[in-house]
Amino acid sequence: MDEKNLDAPDLDAQKQIAAHRARIDEVDRQLVRLLNERAAEALAIRALKPKVHWGLYDPKREEEIFENLAGWNEGPLFGENLREIYETILHVMKEMRD
């Protein structure tokens, strides 16, 4: 076996990496669209809450969201990882301006 070939980059692996990265870019594009869609829904709810005399923060709803996420999660993310991500999402949603 030629020693030079052992040090040569695996072109198939490089192609696979490029394909995975392209798929990640597509998933990220979808996530951005969905996060903006979620934000629009959160703003709509925020505008309606005063009409029904509800406070802006609803800890029971937040826990319901976390329970839903745990039930929907099929991995490979761990439940605590998903909760951490959503805690950040919910924080940003609360801080949004109309």
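Would you say ASN73 is modelled with pLDDT of 95 or more, polar (S, T, N, Q) and either within 30 Å of ARG97 (Cβ to Cβ) or in contact with a Cys (Cβ under 6 Å, 6 or more places away or on another chain) (or both)?
Working: modelled with pLDDT of 95 or more: yes; polar (S, T, N, Q): yes; either within 30 Å of ARG97 (Cβ to Cβ) or in contact with a Cys (Cβ under 6 Å, 6 or more places away or on another chain) (or both): no.
So ASN73 does not fit the description; no.
Cβ-Cβ contacts under 8 Å between residues 6 or more apart (or on different chains), taken from a first residue in the range 19-47 that is within 18 Å of ARG97 (Cα to Cα) to a second residue that is surrounded by 10 or more Cβ atoms within 10 Å (Cβ to Cβ), are listed as LEU35/ILE89; ARG38/ILE89; ARG38/MET93; ALA39/MET93; ALA39/MET96; ALA42/MET93; ALA42/MET96; LEU43/MET96. Only helices (runs of 4 or more DSSP H) whose full extent lies in the chain are considered here, and the ones with at least 3 residues that are in contact with a helix residue (DSSP H, G or I) (Cβ under 9 Å, 6 or more places away or on another chain), surrounded by 10 or more Cβ atoms within 10 Å (Cβ to Cβ) and not aliphatic (A, V, I, L, M) are 79-95.
The values are calculated or read from the model by the stated rules, or taken from the named source; none is laboratory data. Keep in mind it's a predicted model, so treat the numbers as computed, not measured. No Cβ is skipped: glycine too gets one built from the backbone with ideal geometry, and neighbour counts run over all protein chains shown.
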